[in-house]
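The values are calculated or read from the model by the stated rules, or taken from the named source; none is laboratory data. A quick note: this is a predicted structure, and the numbers were derived from the prediction, not measured. Every residue, glycine as well, gets a Cβ built from its backbone with ideal geometry; the counts of neighbours run over all protein chains shown. Accessible surface is based on the protein model in full, side chains and every heavy atom, while ligands, DNA and RNA are left aside. Shrake-Rupley method; radii C 1.70, N 1.55, O 1.52, S 1.80 Å.
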Amino acid sequence: MYGATLGGADVAVKVLKVEQAHNLVARRDLESETQILLALEHRSILSVLGVGETEGKPFLVLDVLASIL
């Protein structure tokens, strides 16, 4: 996970590691995670803001949850 800014908002970017980028099981797991997150909506679950691939590595862009005290 990496922190980034998208349109002035803080986001989290989840990228497969280089050694897993060509692992079909790891890629399928990330795709499954994406589909599950897209189907769910709850204030305690991250929302998917985008998906893509760069340099052969798939990634997810997620919103950042504020701490719940």
Name the residue that is most open to solvent (accessible area, probe 1.4 Å), counting only residues in the stretch 45-67 that are in a loop (DSSP other than H, G, I, E, B) and closer than 19 Å to Leu16 by Cα. Glu55
Those residues of the stretch 12-39 which are touching a Ser or Thr at 6+ places or on another chain (Cβ under 9 Å) and in a loop (DSSP other than H, G, I, E, B), in sequence order: none
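How many of the residues in the stretch 7-44 are hydrophobic (A, V, I, L, M, F, W, C) and surrounded by 13 or more Cβ atoms within 10 Å (Cβ to Cβ)?
9
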